[in-house]
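Bear in mind these aren't lab numbers, they're just calculated from the coordinates by the rules spelled out. Note that the coordinates shown come from a computational prediction; the quantities given were computed from them, not determined experimentally. Neighbour counts run over all protein chains shown; Cβ positions are idealised from the backbone, glycine included.
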Amino acid sequence: MTEAPASPSSEPSVRPTSYDVAKRAGVSQSAVSRCFRPGSSISKKTKAKVLKAARELGYFPNAMASGLMTRRTGMVAVIISSLTNLYYPEVLAEITQRLSDKGARVLLFALRAESEVGEILEQVWRYRVDGAIVAAHLSPEQIRQFVRHEVPVVLYNRSGGDEPVSSVSCDSFGGEKLLVDKMVKAGHRSFGILSGPPDSFVGCERVQAAIDSLAAHSLNAAVASGNFDYASGRSGLAQLIEDAGGQLDAVLCANDLMAIGALDEARARAITVPDNLSIVGFDGVAPASWESYRLTTIRQPVRRMSAAAVEMILARIADPSCPPEARNFAGSLIEGASARLA
């Protein structure tokens, strides 16, 4: 006679608790809690016993329950522009990894344009995040909203103006001045500038830095509007050449992707780079170093800036009384083959 298969149990499975883990491991419940709380003090021997018991029981700590007890969600909002920019994925990867290493999780909010940040903030408040790293321009009122909601914030490559707010940034003025000084010394006199979107704080800052640096040499430049993407790099260079009546000999681009587009446009027009036209960018993204481009640019210290942003936000989550601070990092010149420099 064939034995009938056993019917599934009607009793619901019971998830193991921290009490079960503590009992099996022969430790206290507080030891179990410390084992799964990043940064807590616990001996290696006790931790090994707890983890072994947890594996055997199939136990995982309930992050939501822990959040109710600590009044923290363990989430940090990252607000970043989704404009076609090869630089930001690298920034996001660095910030996400560093927060994860510290036991925090990223709640990503992607903007199509920086002017949308006001709509996004309404969502940020609903998720009750512990803090925020914002790579978008915030108005003084929006910065004050973070204070009212008791959410610490660190601006990434942005300035809070006169508002007291923490920030990390790359020195746009120093980078543009270095490029301009070297290009002027090499004999360049007819300059053009490719800008970013009008609502991009970084784009506007770099353009103004380039204009100010040229003015220090009693030079000016025509400015063509771009959108931080490849296509606007090509069309922007075409416009600058037309505006200059063919006399253009140097172009400063607000980011690398537009500079790459400008390089291809120059080639399509049989303009020899850098003999007849120098083109420089800003960011130091990976494609800029490809053999077919070898772009001269300013490389931002992404790892150092991201590490600083994460350190600063976690410090302010742990201690909201930490005063605001601003950290400004110098970029490094990458001398490629797209420009004649002194």
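Things worth noting here:
- Computed FRET value (nearest 0.05) for Arg304 with Gln208, which takes r as the C-beta separation and R₀ as 25 Å: 0.55
- Fewest neighbouring Cβ atoms within 10 Å first, the residues His217, His188 line up as His217, His188.
- Local electrostatic count, His137, Cβ distance below 9 Å [Lys/Arg +1, Asp/Glu -1]: -1
- DSSP bridge orientation in the chain - percent antiparallel, rounded to nearest 5: 10 percent
- If only the Cβ of Lys and Arg carry +1 and only the Cβ of Asp and Glu carry -1, the dipole of the chain around its Cα centre is close to 1940 debye.
- Using the Cβ-Cβ distance between Ala268 and Leu108 with R0 set to 22 Å, the FRET efficiency from 1/(1 + (r/R0)^6) comes to roughly 0.05.
- Here the label points at Asp171 and Val14, each 7 Å from Cα along the C-beta direction, are separated by 6.5 nm in the simple model.
- Mean Cα-pair separation over length for the chain, i.e. relative contact order, pairs under 8 Å, 6 or more apart, %: 15 percent
- Percentage relative contact order, the stretch 172-300, counting C-alpha pairs under 8 Å, at least six apart: 23 percent
- The chain: most fluctuating residue of Leu57, Leu108, Leu155 per GNM, C-alpha cutoff 10 Å: Leu57
- From the coordinates shown, Rg/Rh (Cα atoms, Kirkwood Rh) corresponds to which of (1) 1.04; (2) 1.15; (3) 0.97: (2)
- Both radii are taken from the alpha-carbon atoms of the stretch 172-300; with Rh as the Kirkwood radius, Rg/Rh is 0.92.
- FRET E, pair Ser40, Ser289, Förster distance 51 Å, beta-carbon r, rounded to 0.05: 0.75
- Chymotrypsin sites (Phe, Trp or Tyr not before Pro) lying in DSSP loop within the stretch 285-333, provided at most 13 other Cβ fall within 10 Å: Trp290
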